[in-house]
Amino acid sequence: MTKKALFLFSIVIFFLVVSVSYILQKQDFIFPPANKFSATSEPVPSELESGKKPPEEKLILMPDEVAELAKNQTSEQTPLAESTNQNVIKWEDSFYSTESAEAYFVNEEGELLKSGLDSFFKAKDLDEILDAMDKVGTNEKSVSRKNKLKDYFYKEFAATAYSERFSCANKICAVTFIGDPEATERYQNLAQFSENYIFTKSTVNEYGEGVYKMLVIETEDASSLTVKPN
């Protein structure tokens, strides 16, 4: 090998070494090691420390949870329906005994109470009154009068009346049934099952039938009965 060739070979080797060193340095700059930390590096501030607001959390309710929440809010803001209707009569409270049921219509002097009569005939659901009276009308006199009333009714009116209900509390008996709208006067003979005075109210339903409400009160002398105003 000549001196000239040796010189050229040395120059080529030099440039190869320089090129390889440059390439290795550039790769180290572009792709730093993932776990390379500086001992003097400052901690990265949190979102709160840096003044950034954390993402808001949205409460998502399922349909049944929404309904329950609405129900709770409504119950807190709206008074109960019972508290807005103070005029509704709770018959179970009024008829807490046989004597109280009787006293609702007749006072100690034997006078009929107009307030009791009005409440009875204006009641929208007579079954509530009969249910309350049935609960207390279990003594001997009440049961005896109810049985006599039923026997007379079935004997005289079974052919023209149905959907009947009876209840008694001592002197007081309540009756309701559906029958002939033209037979009011005849149905009033129901008082004859014993010594009684009868109050009757009838209306005609959508089928042209008579709907009867009756209050039958025991008395030895109907002519002596008086009604005490409210």
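Considering the range 151-162, the residues that are touching a residue at least 12 places away in the same chain (Cβ under 8 Å) and within 15 Å of Gly179 (Cβ to Cβ) include one that is surrounded by the fewest Cβ atoms within 10 Å (Cβ to Cβ), namely Tyr162.
Of all residues in the range 163-170, none are loosely packed, with under 13 Cβ neighbours inside 10 Å and over 31 Å from the mean Cα position of the chain (by Cα).
No value in this document is a laboratory result; all are computed from the given coordinates. Because the structure is a prediction, the values reported are computed rather than measured. Neighbour counts run over all protein chains shown; Cβ positions are idealised from the backbone, glycine included.
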